[in-house]
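Each remark here refers to the structure printed beneath this line.
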Amino acid sequence: MRCPYEGQCGGCAYIDITEESYQKQKQTLFAKQLSKLHIPAKKIDSPVFITDGKRRRAALTFIISKGNVKLGFNAHHSKEIIDIENCALLTPKLNQSILLLKNLLQELYATEFHQRIGKKITTLRLQQGDIWLAELDNGIDVVLEFDLELEISHQMAISDFAANAQDIIRISHRRKNQDTPELLLEKSRPYSKIGNVNVYVPAGTFMQASKDSETFLIDIVKKYMGNTSGKIADLFCGMGTFSYPLSENKKNKIMAVDSSSELLSAFADNIKKNQISNIEIRKQNLFKYPLIGKDIEGFDAIVFDPPRAGASAQIKSIAALPDDKKPQKIIAVSCNPETFVNDANKLQESGYVLQNITMVDQFVYSNHLELVALFERENQ
């Protein structure tokens, strides 16, 4: 891939080499990370490589100086913003929205903000912030992030903008990254199809980087699940990426666990709307309060897909189960091979065999890797 921002933008580490060399380097990196396993996997399955132009979510940063908008990504190891018009990794619709959003930012800059500081009202202009984009099945979701309170005039400008931006179906705003986005407008209810279900997606929700990678991950999980059915735990379930496809087998009873109230509320609504009777939802912070004892006993299989920090506490509680209470299979999905290795070593020490592992390269041209791994009880 050739990129006009090559050597400037810090988003791609391997953009200056051939596709063949890149894929070899990625597999070499993967092998190096897996070399820290105490016992190697019995089989490394064929890697999956996602192509350019498929990334469906992006976090852009912006700065406005004298009405001039820079919107893009940071330079390598720098806070400097590389202004972009088109990123070869993003979907065409996301790229089309970038130019439109620059126009919106100029409109918001032109409209003053008023902020009370003590007894005084101070006039401010929009200067910097971030924009979070996600392409869903029926349009683009936009979360504006900057630490100013929107006034009626700004909301009107956003509404006028959205009326002329056909592909943008929802716009929200939050002042800080940890805040829940406040809905400003929603043309239609944003959804992403997972398995056979149109799943409503709350604003700012984490999704797999591309639709293709999500499909591959689901397919690999289902392949590794094989003929195993029954009581299945989907830990760190998020929006239900694996729960929905696994629930299609009516022999399965899924317990989906996550800590996000907003995600689980949308999940529960989707289950009810689609009359899915074999998914049970449980809210629990598995980092602080992992499932232990009877709460994690007796599952036929466990799927877990934690954030980059891994699932150390939860894996420790699974490893501590009596042998006759442990699940037959554990399927790990990980976006961080280093923390995966730590979790895998604990499972191996407790009697599990790492049967298969697949690399999924969804973070194209970066050092990041995704993987799916199958563990089975030693006596299976």
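The values are calculated or read from the model by the stated rules, or taken from the named source; none is laboratory data. All values reported here derive from a predicted model rather than from experimental measurement. Reconstructed Cβ throughout: ideal geometry from the backbone, glycine too, with neighbour counts over all protein chains shown. All accessible areas refer to the heavy atoms of the entire protein, side chains included, with ligands and DNA or RNA removed. Shrake-Rupley method; radii C 1.70, N 1.55, O 1.52, S 1.80 Å.
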- Query: Does T28 meet the test of being open to solvent by 80 Å² or more (accessible area, probe 1.4 Å), of a type in the set (S, T, N, Q) and at pLDDT 95 or above?
  - Reply: yes
- Going through segment 307-336 one residue at a time, which ones are open to solvent by 10 Å² or more (accessible area, probe 1.4 Å), in a loop (DSSP other than H, G, I, E, B) and touching a residue at least 60 places away in the same chain (Cβ under 8 Å)? P307, Q328
- Note on the structure: Taking first residues from segment 149-177 that are more than 21 Å from Q96 (Cβ to Cβ) and second residues anywhere that are of a type in the set (K, R), the pairs with Cβ under 8 Å that are 6 or more apart or on different chains are E149/R175
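Please specify each residue of segment 24-75 satisfying the condition of being among the charged types (D, E, K, R), assigned to a strand (DSSP E or B) and out of contact with any Ser or Thr (no Cβ under 6 Å at 6 or more places or on another chain).
If the condition is that a residue be among the charged types (D, E, K, R), assigned to a strand (DSSP E or B) and out of contact with any Ser or Thr (no Cβ under 6 Å at 6 or more places or on another chain), then K43, R57, K70 are the ones that fit.
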- Task: Just give me the residues in segment 154-176 being more than 21 Å from the chain's Cα centre (by Cα) and open to solvent by less than 50 Å² (accessible area, probe 1.4 Å), in sequence order.
- Result: H154, A157, I158, F161, A162, A165
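Here is a list: F363, F340, F375. Which entry is aromatic (F, W, Y) and in contact with an Asp or Glu (Cβ under 8 Å, 6 or more places away or on another chain)?
Details: F340 fails: in contact with an Asp or Glu (Cβ under 8 Å, 6 or more places away or on another chain); F375 fails: in contact with an Asp or Glu (Cβ under 8 Å, 6 or more places away or on another chain).
Being aromatic (F, W, Y) and in contact with an Asp or Glu (Cβ under 8 Å, 6 or more places away or on another chain) holds for just one of F363, F340, F375, which is F363.
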- Query: Across segment 197-211, what is the number of residues that are open to solvent by less than 20 Å² (accessible area, probe 1.4 Å) and either acidic (D, E) or within 12 Å of D269 (Cβ to Cβ) (or both)?
  - Reply: 4
- Task: Determine whether segment 353-372 contains at least one residue that is open to solvent by 20 Å² or more (accessible area, probe 1.4 Å) and part of a helix (DSSP H, G or I).
- Result: no
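Considering only residues that are of a type in the set (A, V, I, L, M) and open to solvent by 20 Å² or more (accessible area, probe 1.4 Å), look in segment 49-68 and name the one that is farthest from N103 (Cα to Cα). Write out each step before concluding.
Going residue by residue through segment 49-68, those that are of a type in the set (A, V, I, L, M) are 50, 58-60, 63-64.
Cutting the leftovers down to open to solvent by 20 Å² or more (accessible area, probe 1.4 Å) gives us 59, 63.
Working: A59: 18, I63: 13 Å.
Ranking the candidates gives A59 first.
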- Could you list, in sequence order, the residues of segment 92-147 that are open to solvent by 20 Å² or more (accessible area, probe 1.4 Å) and hydrophobic (A, V, I, L, M, F, W, C)? L99, L100, A110, I117, I121, L124, W132
- Task: Need at least 2 residues that are touching a residue at least 60 places away in the same chain (Cβ under 8 Å) and not charged (D, E, K, R) per element, so show me which helices (runs of 4 or more DSSP H) inside segment 189-299 make the cut, counting only ones lying wholly within it.
- Result: 211-225, 261-273
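Can you name the residue in segment 263-306 that is open to solvent by 40 Å² or more (accessible area, probe 1.4 Å) and aromatic (F, W, Y) and, of all such residues, is nearest to P337 (Cα to Cα)?
Residues of segment 263-306 open to solvent by 40 Å² or more (accessible area, probe 1.4 Å): 265, 268-269, 272-275, 277, 280-283, 285, 287-289, 292, 294-295, 297-298, 300.
With aromatic (F, W, Y) added as a condition, the list becomes 287, 289.
Working: F287: 18, Y289: 23 Å.
It comes out as F287.
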- How many residues of segment 218-244 are surrounded by 23 or more Cβ atoms within 10 Å (Cβ to Cβ) and under 14 Å from the mean Cα position of the chain (by Cα)? The answer is 5
- Hey, does segment 358-368 have a residue that's closer than 24 Å to K222 by Cβ and free of Cβ contacts under 8 Å to residues at least 12 places away in the same chain? no
- Query: Does T18 satisfy the criteria of being open to solvent by 50 Å² or more (accessible area, probe 1.4 Å), out of contact with any Cys (no Cβ under 6 Å at 6 or more places or on another chain) and either without any contact (Cβ under 8 Å) to a residue 12 or more places away in the chain or of a type in the set (K, R) (or both)?
  - Reply: yes
- Query: Quick one: which of P306, P290 is at pLDDT 95 or above and touching a helix residue (DSSP H, G or I) at 6+ places or on another chain (Cβ under 7 Å)?
  - Reply: P290
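Look at D179 and say whether it is part of a helix (DSSP H, G or I) and surrounded by fewer than 19 Cβ atoms within 10 Å (Cβ to Cβ). Spell out how you get there, then give the answer.
Working: part of a helix (DSSP H, G or I): no; surrounded by fewer than 19 Cβ atoms within 10 Å (Cβ to Cβ): yes.
No; evaluated as a whole, the condition is false for this residue.
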